[in-house]
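The values are calculated or read from the model by the stated rules, or taken from the named source; none is laboratory data. Note that the structure is a prediction, hence the values are computed from the model and not measured. For neighbour counting, all protein chains shown are included, and Cβ atoms are generated from backbone atoms with ideal geometry for every residue, glycine included. Just so you know, the surface numbers come from the protein's heavy atoms only, side chains and all, with ligands and any DNA or RNA stripped out. Shrake-Rupley method; radii C 1.70, N 1.55, O 1.52, S 1.80 Å.
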Amino acid sequence: QVQLAESGGGLVQPGNSLRLSCAASGRPFSTYSMGWFRQAPGKERAFVAGISWGGSSTRYADSVKGRFTISRDNAKNTMYLQMNNLKPEDTAVYYCAASTNMIGPSTQIGYWGQGTQVTVSS
């Protein structure tokens, strides 16, 4: 079992930045690929970014490429999502995810966090 807990969400103005964190506990963090998904009101949960167990490989949704950066610190059992140049359409609940496979849009997810709200508004 892996327990995931997101933090760092909040209200931010368009063009500003925010960093989300996902703290993991339970089974060895470094054996899992990790990722971020988001769900906007009235929409399905969607893939945002994924990172391999060692951090050498990353994937991004087209909508966030060049603005978001995913990273992880296996020594701290923590994953991050640095979000720059935020737009109103980035408003959503952001979820942390873990899987034994590299996370992408269609990956079967083994574990989810509880989510953290990000609101981008002036």
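Ordered by residue, what ³J(HN,Hα) values in Hz, to whole numbers, does segment 94-103 give under the Karplus form 6.51 cos²θ - 1.76 cosθ + 1.60, where θ = phi - 60° and Gly and Pro are x?
Once θ is set to phi - 60°, the couplings for segment 94-103 become 9, 10, 8, 9, 10, 8, 7, 10, 4, 7 Hz.
With all pairs of different alpha carbon atoms counted, what Kirkwood hydrodynamic radius in Å does segment 1-41 show?
About 12.4 Å for segment 1-41.
For a Förster distance of 25 Å, can you work out the FRET efficiency between the beta-carbons of Thr31 and Gln82, rounded to the nearest 0.05?
For R0 = 25 Å, the calculated efficiency reads 0.55.
Thinking of the chain as a set of Cα atoms, what percent of all their pairs are more than 17 Å apart?
Result for the distance tail: 50 percent.
Where a Cα-Cα gap under 16 Å defines reach, which lysines qualify for Lys65, not counting those fewer than 8 residues away within the same chain?
Lys87
From a point 7 Å beyond the Cα of Ser56 in the direction of its Cβ, which residues of segment 83-108 have a backbone N at a distance under 20 Å?
Counting only backbone N, you get 99-104.
Which FRET efficiency, nearest 0.05, do Ser17 and Ser106 yield, Cβ-Cβ r, R0 25 Å?
Efficiency, from the Cβ-Cβ distance: 0.30.
Of the accessible area of the chain, with the probe set at 1.4 angstrom, what percent is carbon plus sulfur?
Ligands and nucleic acids excluded, carbon and sulfur give 45 percent.
Give the accessible surface of the chain per residue, rounded to a whole number of Å², with probe radius 1.4 Å and ligands, DNA and RNA excluded.
51 Å²
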